[in-house]
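Working notes, structure below.
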Amino acid sequence: MKYENITQAKFINRPNRFIAEVDIKGHKEIVHVKNTGRCKELLIPGCEVWLTAPGTPGRKTKYDLVAVRKDNGILFNIDSQAPNKVVKEWLAKQDYSKILPEYTYGNSRIDFYMERGDERFLMEVKGCTLEIDGMGYFPDAPTERGVKHIRELIKAKEEGYQSILAFVIQMDGVTKVRANVDTHPEFGEALDDAKKAGVEVLFLTCHVEPDELQII
């Protein structure tokens, strides 16, 4: 998954979860943050960030903030739309006979429905952008929606689907993700229940460049 254009900047501050102020070669610009999570350990004043300019007519901001270099030197993709895009590319290389995104199941929209022979699969995708001491954690902010999706995957497993929860690790060097129970204990409980029910948990490791996210 590549971005068509990319601009380097320095992060100044984040007035709210939707926008940030950045410095582009001495010019202050308001940009859209493509991640509503907290990202407090990433978006620190003075850090390097990368922006893309989608060129969508009628936008309030010219740029989207999509990547940031953490103070430990690791580059993070924080675009919350990137995990589904990169998983779609990855699934196309697997041996599924049918792949449908945004599949309605129960009271939720599950990210992907797949078929292989007589098997039916449901996959929910979560992007991990929180790293602590080399371990990935999810979520970085409470997510009732995430808990709901896990419960739907458990139900689907009981109904004969192959249920998959896929964590896209949006940074290099991290191979596993744990539930961030300090931030959202209910998510941890739901994840434990899912594992006991036979839901497959995938950790999709990635390589990150300022203009690219790739599952490796």
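The values are calculated or read from the model by the stated rules, or taken from the named source; none is laboratory data. Keep in mind that this is a model prediction, so the values were computed, not measured. When we count neighbours, we look across all protein chains shown, and the Cβ atoms used for this are built from the backbone with ideal geometry, even at glycine.
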Contacts under 9 angstrom Cβ, first residue in the stretch 104-121 being in the same structural domain as residue 160 (by TED's automatic domain parsing) and modelled with pLDDT under 95, partner basic (Lys, Arg) and not in a strand (DSSP E or B), 6 or more apart: 105/155; 106/151; 106/155; 107/148; 108/145; 108/148; 108/151
Kindly indicate whether residue 156 is within 16 Å of the chain's Cα centre (by Cα) and touching a residue at least 12 places away in the same chain (Cβ under 8 Å). no
So is residue 36 in contact (Cβ under 8 Å) with a residue 40 or more places away in the chain, among the β-branched types (Val, Ile, Thr), part of a loop (DSSP other than H, G, I, E, B) and touching a strand residue (DSSP E or B) at 6+ places or on another chain (Cβ under 7 Å) or not? no
Would you be able to say whether some residue in the stretch 23-38 is exposed (fewer than 14 other Cβ atoms within 10 Å of the Cβ), of a type in the set (Lys, Arg) and within 27 Å of residue 146 (Cα to Cα)? no
For the stretch 7-55, the count of residues that are more than 21 Å from residue 209 (Cβ to Cβ) and hydroxyl-bearing (Ser, Thr, Tyr) equals 1
If we keep only residues of the stretch 138-169 that are closer than 17 Å to residue 109 by Cβ and aliphatic (A, V, I, L, M), then the residue surrounded by the fewest Cβ atoms within 10 Å (Cβ to Cβ) is 147
Of all residues in the stretch 110-140 being farther than 21 Å from residue 214 by Cα and among the charged types (D, E, K, R), the one that is farthest from the chain's Cα centre (by Cα): 118
Any chance residue 31 is in contact (Cβ under 8 Å) with a residue 12 or more places away in the chain, in contact with a strand residue (DSSP E or B) (Cβ under 7 Å, 6 or more places away or on another chain) and not assigned by TED's automatic domain parsing to the domain that holds residue 211: yes
